[in-house]
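Report on the structure given below.
The values are calculated or read from the model by the stated rules, or taken from the named source; none is laboratory data. Given the structure is predicted, the values throughout are model-derived calculations rather than measurements. All Cβ positions, glycine included, derive from the backbone under ideal geometry; neighbour counts span all protein chains shown. Just so you know, the surface numbers come from the protein's heavy atoms only, side chains and all, with ligands and any DNA or RNA stripped out. Shrake-Rupley method; radii C 1.70, N 1.55, O 1.52, S 1.80 Å.
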Amino acid sequence: MTLQIRPMETEDVPAVLPFLRAHHPYRVLTEKAVRWRMANPTPHSTDLPLVATDGDGGIVGFTRSLLTRPEGRDPHGLTFLTAVAERYRGGDLAARLLTASEESLVERGARTLRTEVAEEPVQAGGPVLHEVALDQGYAEEETHHILGLDLSLLPPAPEPPAGVELRTFREYADDPRPVYELDRLASEDEPGAVPSVGFMTFEDWVNGPWNHPLTDLDLSLVFLHEGTPAGITCYGSDRRSRMESSMTGTLREYRGRGLAGYAKHVALLRAREQGFTHAATGNHENNAPMLAINARLGYALLGKETGYVKPVA
Ligand SMILES: CC(C)(COP(=O)(O)OP(=O)(O)OC[C@H]1O[C@@H](n2cnc3c(N)ncnc32)[C@H](O)[C@@H]1OP(=O)(O)O)[C@@H](O)C(=O)NCCC(=O)NCCS
């Protein structure tokens, strides 16, 4: 049967969404978010989702290529969110998707290529994609733990640390700059090997993560210490049952007082009250404080996600 690889079109979205959800069951993926991202590309980046179709035009493969152009540094490309239908995993479709993504990235100027693959059950077919990455010359670079929490198992509310106050992101809707500053400063210390473009400007942040349709302004919280904003705990959600962490961060001078752990615990309890059942998160394997917080909350390891890298020849 002839397999064709081509750029994803907006008309593909209704067929791509269930396919992606089946292959990445712990990701929060909504049609609105996919359409929004297609209409609002990340600044300094070019996003090219590719689909593979079989002879009947059905979706049997997907991958997303993201080229990032950091100021003053070489562009780099990432291939991720790959999915290959089970019946095609024994053939060369996974390799063809990775090659097609690499070609589009290199054509646009990428000097370094990265890809990421998670173990089952985080990513269906992960072991096959791992072999393909190694066969195509990638080397392992870093590992994240992908964790899941059944919210019915969340422990009871803890005692609040002294001086703590919580506010929802929604309360900052008129002026989100304090949330931006907390995100910018705490993100500086997040472990990880992948170079970014540097933290985005306030305008890009408002038009990006703040306005992103998955960002849940009611579940996400700012925590204050004696009236001063000290950190954030942020979530994306499908507004029904599933949520995933996008960032938890405490300003350096407020760390080690139990603030982030408490705020995250309250955010998850509130989510459960609103009917949410599942939470997921991903932590760099070296992020001991965040892994400690999540272990205490009852998150369990679902699988590891490996990041791979290779230079462009
Ligand atoms: C991770 C982070 C949010 C923690 O904030 P915090 O307000 O200090 O967190 P808390 O005080 O609530 O809890 C920290 C936990 O880490 C533990 N911890 C701290 N350093 C640790 C270490 N080196 N090894 C193991 N555990 C450690 C503490 O004992 C505590 O666990 P406990 O509550 O079970 O005792 C903060 O370090 C941060 O902003 N880091 C940079 C941004 C980041 O990496 N965010 C996570 C992105 S996924």
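Is one or more of the residues making up region 179-188 over 18 Å from the mean Cα position of the chain (by Cα), of a type in the set (Lys, Arg) and within 13 Å of the ligand (Cβ to nearest atom)? Within region 179-188 (the criterion being over 18 Å from the mean Cα position of the chain (by Cα), of a type in the set (Lys, Arg) and within 13 Å of the ligand (Cβ to nearest atom)), the answer is no, since none of the residues qualifies.
Residues in region 218-255 that are open to solvent by 20 Å² or more (accessible area, probe 1.4 Å), in contact with a Lys or Arg (Cβ under 9 Å, 6 or more places away or on another chain) and under 15 Å from Ala162 (Cβ atoms): 1 in all.
Regarding Gly307, is this residue touching a residue at least 60 places away in the same chain (Cβ under 8 Å) and on the phi > 0 side of the Ramachandran plot? Criteria not met by Gly307.
Listed conditions (1) part of a helix (DSSP H, G or I); (2) among the hydrophobic types (A, V, I, L, M, F, W, C); (3) in contact with a strand residue (DSSP E or B) (Cβ under 6 Å, 6 or more places away or on another chain) are all met by Ala33, apart from (3).
Evaluation of Thr2 against the conditions (1) at pLDDT 95 or above; (2) out of contact with any Leu (no Cβ under 8 Å at 6 or more places or on another chain) shows that the sole unmet condition is (1).
In the set (1) on the phi < 0 side of the Ramachandran plot; (2) surrounded by fewer than 17 Cβ atoms within 10 Å (Cβ to Cβ), Asn294 fails one condition alone, (2).
In region 193-212 there is at least one residue that is among the β-branched types (Val, Ile, Thr), open to solvent by 30 Å² or more (accessible area, probe 1.4 Å), under 26 Å from Thr306 (Cα atoms) and out of contact with any Gly (no Cβ under 8 Å at 6 or more places or on another chain).
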